[in-house]
Amino acid sequence: MAKLHPEAARLLDEMIERHRLERVADLIRDKAQPCYAVVSGGLDDYSVVGGSRLGGLPDLPADVAWPTPMAAWGERKPCAATFFGQIDFADFPPLGSPSPLPASGTMHLFVHYVESAGDPVPLTASLTPKEAALQRRDPPDGVGFCDEYLDGLTPIRVRFFPWVSLPHNRESFRERVEEEGGVVNGADASSRRIELDQALRLPGQIGQVLGYANTRDEEENLYREVQLTRMGNREMVYADYWDSMEAYERT
């Protein structure tokens, strides 16, 4: 079992007891992974150069150009990628276990375009050393954005807190909790597990770094959409609303 930050471990134990999941406490603790909760700090006023933010404008070194990949559709010419966010790794506090993340430097992420959940999202990522001077940068003049729907993302400050991640999208984990957790006051273990997961989310939390890649969709509809899109039949994600393929095709 990976070592959690003491505060994350304390809260996990508290939530296990609160939601009466003592019968599967060892399973939950064994599968728990340390992660960072990403918490919104509200609108960024750009008062901190190089601070961690999502959206808005980047702080880049003078010698780093704004990424301009070739447009994926329409006229094949350079277009401006959308600045998605920057992360100052110095903003990450110590984790319970050794962190695989860099100890310093600023990572910049630029998204080229988003096609669908079933397609890869091309992006440009770069890591700037901590000693590099950064300055606010506007998009390049005379170059349209690669994805017009991503233009103008609101700048949001983000903070990172050592936290805990559980594998809620793993069917084997869900089944064991359901089978071994029992019923308490009329509530089955599955519903109590979901309540535990919701209780572990911090106020203002918008995501996480490290840990399990949960979609927060336990029916795995995202997985189905991805696979059906690859098969060229994404619309069939709705086929389970019909009693047969014949009824679906008639509709």
Pull up segment 148-193, narrow it to residues that are among the acidic types (Asp, Glu) and part of a loop (DSSP other than H, G, I, E, B), then point me to the one that is most open to solvent (accessible area, probe 1.4 Å).
151
Failed item, numbered, when residue 109 is tested on (1) aliphatic (A, V, I, L, M); (2) over 17 Å from the mean Cα position of the chain (by Cα); (3) modelled with pLDDT of 95 or more
(2)
Only one residue in 62, 37 is open to solvent by less than 20 Å² (accessible area, probe 1.4 Å) and either within 19 Å of residue 210 (Cα to Cα) or modelled with pLDDT of 90 or more (or both), so which one is that?
37
Regarding residue 123, is this residue closer than 23 Å to residue 210 by Cα, open to solvent by 40 Å² or more (accessible area, probe 1.4 Å) and of a type outside the set (Phe, Trp, Tyr)?
yes
Looking only at residues in segment 65-87 that are among the aliphatic types (A, V, I, L, M) and assigned to a loop (DSSP other than H, G, I, E, B), which one is surrounded by the most Cβ atoms within 10 Å (Cβ to Cβ)?
81
Condition test on residue 57, is it touching a Gly at 6+ places or on another chain (Cβ under 7 Å) and assigned to a loop (DSSP other than H, G, I, E, B)?
no
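The values are calculated or read from the model by the stated rules, or taken from the named source; none is laboratory data. It should be emphasised that the depicted structure is a prediction, and the values quoted were computed from it without experimental measurement. Counting neighbours? That spans all protein chains shown, and the Cβs are built from the backbone with ideal geometry, glycine included. For the accessible areas, the whole protein counts, side chains as well, though only heavy atoms, and no ligand, DNA or RNA atoms are used. Shrake-Rupley method; radii C 1.70, N 1.55, O 1.52, S 1.80 Å.
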